[in-house]
Every structure is written in C-alpha cells, then in structure tokens.
1. Please indicate, with yes or no, whether at least one residue in region 120-136 is over 20 Å from A37 (Cα atoms) and of a type in the set (D, E).
2. Given the conditions (1) farther than 17 Å from S246 by Cα; (2) of a type in the set (G, A, S); (3) modelled with pLDDT under 90, which single one is not true for A434?
3. Cβ contacts < 6 Å: first residue without any contact (Cβ under 8 Å) to a residue 24 or more places away in the chain, restricted to region 77-104; second residue part of a helix (DSSP H, G or I), any location; separation 6+ or different chain. Result?
4. Helices (runs of 4 or more DSSP H) wholly in region 109-191 with at least 1 residues that are among the charged types (D, E, K, R) - which ones?
5. Kindly indicate whether P376 is over 23 Å from L320 (Cα atoms), outside the structural domain of G242 (by TED's automatic domain parsing), crowded, with 17+ Cβ neighbours inside 10 Å and within 24 Å of the chain's Cα centre (by Cα).
6. Inside region 1-95, counting only helices (runs of 4 or more DSSP H) that do not spill past its ends, which hold 3 or more residues that are over 18 Å from L186 (Cβ atoms)?
Amino acid sequence: MKELINTAASHQGQILAALGEHLLLSVEALLIACLLAIPLGMLLAHSKRAGEVVFQITSIIQTIPSLALLGLLIPLVGIGTTPALIALTAYGVMPIYQNTYSSLRNIDPNLEEAADAFGLSRWRKLTRLEFPMALPMILSGVSISLVMIIGTATLAAMIGAGGLGTYFMLGIQQNNNTYLLIGAGLSAILTLAMSALLKFMSSSKKHFQLTATVLAILALGLGVSQMPKLFSPKQEEVVIAGKMGSEPDILINMYKDLIEKDNPNVKVAVKNNFGGTSFLFSALKSSKIDIYPEFTGTVLQGLVKEKVATPHDPAKTYQLAKKLLAKEYQLSYLKPMKYQNGYDLAVTKTFSKKHDLKTLSDLAKLDSSLTAAFDPDFTNQQDGYLGLKKAYGLNLQVKTMESALRYKAIASGKAAVVDGYTTDPEIRQYGLVALKDDKKFFPPYQGAPLMKTSFAKKHPGIVKSLNKLAGKISEKDMQQMNYQVSVKHASASKVARRYLQKHGLL
C-alpha cells in the first residue's frame, strides 16, 4: 500500500492524464455508438427481417478479437485515437441496438392499438408512448456497452491512444503490481462511477433532465475554457514518442526539455510508452510522430532492408545505420549518446565469486547443466543465444520466460544465468554481475534521435538542441536513472531534468 501511494504521488500528473484520455475516449465512443444504434433500432423496430439482419451483423463484430480489429484498422486509418475510437464504437453498438430494437418490438400491443385509436401519428406514438416505455431498457443497453467500452479501451494504449492501458502494459512488462493496481483500480472506479450516473439518469424523468442539463453545462464550460487557446499565438507542436519502459521515457523527456529551452516557439508533446520498435518506426514514416530514440544495433538488425553484417566498432555501426536510413527511408539519425544498451548475461555476485566468473568465456567452461532464464526473443535470435552459443560454445539449460520474470527467477535461485540489457535497473536492484563479452559478440547499441530528413532540414534549431546529448550519458548514469524510475518510482521527467541540470545542459 505504501508503494502504491508513493507511485501514485510521484506519477500524479501522468495518472490523471491517462485517466482523462481513457474517460474522453470511452465517452466519445459511447456517444457515437448511441447516435448510431438508437436511431437504427427505432427505424427497424417494425421491420423484423431487416432488424434481425442488422442484429446479426453487430453480433459478428462482437466476435472479432479486439487486437485483430485494431490491427485491421491501422493500415486504413493509421494509429492513435482514430482506430481506437472506431473499434470501441463498433463494440459498443450491439448492446444498445439490441436493447432498443427488442424493447420497441415488445411493447404491449393493446397500448399500440389504443394509440392508433386516439389517432396519434407515427412520430407522436414513438415519442409519447414507445420511446418513454423503452427508455429504461435502452439505458440498460447503454450501461452494458459502457462497461465493454471502458474495459476494451485499455487496449488503446497498444496503438498509441494512451489511457489507463498504459499502466497495464507497464505492469506486465516490468512485473510491477503497483502499475497493474493503478490501471485496474482506476478502470473499475471509472466503470462504477459512469454506471452509477446512468442508473441515476434512468431512475426518473426528472433525474434524466437534471443530469443532461449538468452535462451540457459542463461541456459548455469546457468549451469556454478552451476559447483563450484559439486566440493565443500559435506554437508549433512537435510530437516525440518513446518505446515501453523507463529508459525511453527518460530520454524523450530530456529531448522535450532541451527543445523547449532553446526553441520557445515550439511546444513538445510527449507520447511515452507508445509501443514497440516496428510500431514507432511506422508512426515516424507516416508522420504520426516527429522524433523517437532508436538504437544503432536495432536499426541494422531489424529496420533497414539491406542485410549487412553489423560492425563491432560502435562508430562504424552508427555511420552504417545513418547511411542506410537516409538511403532507404530519407530519415536523419542524429549523433548517438555515449552509453550502449546492449545485451548481456548476468549472474549473482555469490555465483560469480564461487566460480570466479568475469567473462562469457569463463561461463562456457562451467558445467552445461546450469539453468538459464532467457527472454523468448533472445533465445531464438542470431544476435542472441543462437549466435552466442556458437561463438562461445555455451550449452545452457534454457528456460524461456517473460522479460520481467527472468530477474525474479535468478533472485529466487530458480536460474543461474539471465539475459538482459546493460542499463537494466534490476542489475543493481538484485545485486547482479554482468559478464564481460570478451569476444565482442554482441553488436553495439547506441541510442540517438531519429527523424525525417525533411523535418531535420526544417528545424535546424531542434537538431542543434538534441545534439547536445551526443557523447553524453554513461551506462552507469542510465542504469542509475532507470533504477530511480523503475524501482524507486520517481517521475521520469524529474529524473531527466535533474540529469540535464547536473551536467549543465539545462
């Protein structure tokens, strides 16, 4: 509980922003679903064949897995809020339509006949009799739809739409229960609060009118509060995104501070925990984002089309990555930082002392019955264990597991060796020793800002600001900063700013 409170306090701004994104996205999807489903249900209530066809179509949409639907939408409408809103609306339509259609079809025939006898027109019969009687059932469908939308909206974080799903993803990735509790707890509170509001609205006509009036006033007030922004001098917005985890979050906040300090007419929007490598790379090429930090080894191993051997010299690796990015994608790769976030194998200090382990060659001399806990990607990559096995003659008993769990495994004595990255905070957290890659097998991984060449030419001031990080930040510095954010739950923006101030960059 103490850790939860500390994390909530240190991430207060980010948590509120994520909650606001989640609420706005959910409400927008619900409103659009209502505007589609309720009129459609009213229109088809007296046409059984057409009504059943539409019901079957909406039911089929419900059977499509959320991730599959989002994946299908990305090539059509890109990433971010738009595909998330379309998917959530599609999932929200069925319960509302079903309840609207069914409730209008099941109104007592005697009442219908009485309305006809009194000479009510089709419109007056709908508005004075049918719709008021169907309203409780319709609002029940809206409530069901709301729960589905809020729950499914957590997946929006996977395509850059933000929301509380960010904390689910971070919690799973880092094996951090605090983040999972924040995401799950706020999602549950949001669902309960919105469901209570809908229940209050449906309890009486007076409550419905009161709630609608209050919401209209709030919407009007929000609109008025945004008016000054429409008349204030326009600032250019630059979007900087980062991959999942503490390190990219720290880097993009450094970029933000440096750019805004030197370029007062530029407003930087930070998209932290935006997604994986291929997702960010696609977003950059399609101009959904302007800048993100990428690593030299990753560029040559997975991004460029031309298959080339990765040099072991960091400078040559960077120059080759820079050249191929410019040639194939018209992208500019700025100067890299000092540290390398490359692969390593780590053991406990006790194990290292017992067997006099300092290098990977030393590890190869030990008994092959040693258990290793490796990430699934590392286990099956040529620049991971497959190549490492040949280079050093390793023959470990490998167990694959999720990234966050492998450190738990070595800490609890379930594994003797783990893979990781040189800047992982868990090395310090669990008192591990990273073994030296004495044969220089692992490719260099230096990080640097990546952007479109057209953007770099248009913004020489931004390029100059970001180049201040060239040759800066040691592995020890980054490991310490990662430790502060991942383990101590300090704010990434504050940790980034402290480093810049301490080294005279801000």
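1. No, the conditions are met nowhere in region 120-136.
2. (3)
3. V77/P83; I86/L73
4. Working: elements: 109-117, 122-125, 131-152, 165-174.
Per the criteria, 109-117, 122-125.
5. No, not satisfied.
6. 12-44, 48-63, 66-77
Residues checked against (1) under 29 Å from E426 (Cβ atoms); (2) among the aliphatic types (A, V, I, L, M):
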| position | (1), (2) |
| --- | --- |
| A134 | no, yes |
| I138 | no, yes |
| G141 | no, no |
| M158 | yes, yes |
| L164 | yes, yes |
| Y179 | yes, no |
| S187 | yes, no |
| T191 | no, no |
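A quick yes/no check of all residues on (1) modelled with pLDDT of 90 or more; (2) buried (at least 21 other Cβ atoms within 10 Å of the Cβ); (3) not assigned by TED's automatic domain parsing to the domain that holds R128:
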| residue | (1), (2), (3) |
| --- | --- |
| V53 | yes, no, no |
| A68 | no, no, no |
| G78 | no, no, no |
| P83 | no, yes, no |
| I86 | yes, no, no |
| I96 | yes, yes, no |
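The values are calculated or read from the model by the stated rules, or taken from the named source; none is laboratory data. Because the structure is a prediction, the values reported are computed rather than measured. Note: ideal-geometry Cβ built from the backbone for every residue, glycine included; neighbour counts use all protein chains shown.
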